[in-house]
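What follows is a short report on a single structure.
The values are calculated or read from the model by the stated rules, or taken from the named source; none is laboratory data. Here the structure is a predicted model, which is why all the values come from computation and not from measurement. As a convention, Cβ positions derive from the backbone with ideal geometry for all residues, glycine included, and neighbour counts pool all protein chains shown.
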Amino acid sequence: MLFIDKKNHIENYGSLAWHPYNYCLAVMLERYCFFLKSLRAKGDVIAECRAKNEDFELKNAYSRIYSDGTRFKSRTFFQQYLTSKEIKIKPKKNNVAGLQLADILAHPFKKYTLLQKGLLLMPEEDLFWIKIIDTAKPKLYCRNTDGCVDGYGVVLI
């Protein structure tokens, strides 16, 4: 799970700030490929469609990363682990299981991340999201054997 503080990102980088979604895509793809590398596997990338222009921008951002790499990883790195040079974008009505799961997990993990970073006080009501975290957290990517997912499976930028 990756979260970005858009306001902070723009305040810190001003006119040099990446588009928040493109920045998140680059960071997620780097971590996804590291995960695939650890499994000696290849993987596909799918996103839920938003709007025509945003989908077009996302496709272009993915293509640039696939063909040029990022500041930190070369195109060879991405091409070695990603199965396609194009991102797949599907509408919500297609009911894609992975996208549905991402929808279910996004809000609880946002709360968890903000709580861990001291940016949210523990809410008193509706603690069902903690059960979701407790169930899903052991499945998140962690590069270390200590089970730490911060910075790997859960990231706030």
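Observations, loosely collected:
- Lone qualifier among K90, K59, K52 - being of a type in the set (K, R) and within 16 Å of A26 (Cβ to Cβ): K59
- Residue in the range 109-117 that is exposed (fewer than 11 other Cβ atoms within 10 Å of the Cβ) and not basic (K, R) present: no
- Within the range 91-130, the set of residues being within 19 Å of D5 (Cα to Cα), among the basic types (K, R) and touching a helix residue (DSSP H, G or I) at 6+ places or on another chain (Cβ under 8 Å) comprises K111 only.
- Residue that is farthest from N95 (Cα to Cα) [pool: residues in the range 26-53 that are under 13 Å from the mean Cα position of the chain (by Cα) and of a type in the set (G, A, S)]: A26
- The range 7-23 residues that are over 23 Å from A47 (Cα atoms), paired with ones that are of a type in the set (G, A, S) (beta carbon under 6 Å, 6 or more apart): I10/A17
- Scanning the range 58-82 for residues that are within 18 Å of the chain's Cα centre (by Cα), surrounded by 12 or more Cβ atoms within 10 Å (Cβ to Cβ) and more than 13 Å from F34 (Cβ to Cβ) gives L58, K59, N60, A61, Y62, S63, R64, I65, Y66, G69.
- Wholly enclosed helices (runs of 4 or more DSSP H) of the range 38-157 bearing at least 3 residues over 26 Å from N8 (Cβ atoms) and at pLDDT below 90: 128-136
- Counting residues in the range 6-25 that are closer than 22 Å to L82 by Cβ, at pLDDT 90 or above and assigned to a helix (DSSP H, G or I) gives one or more.
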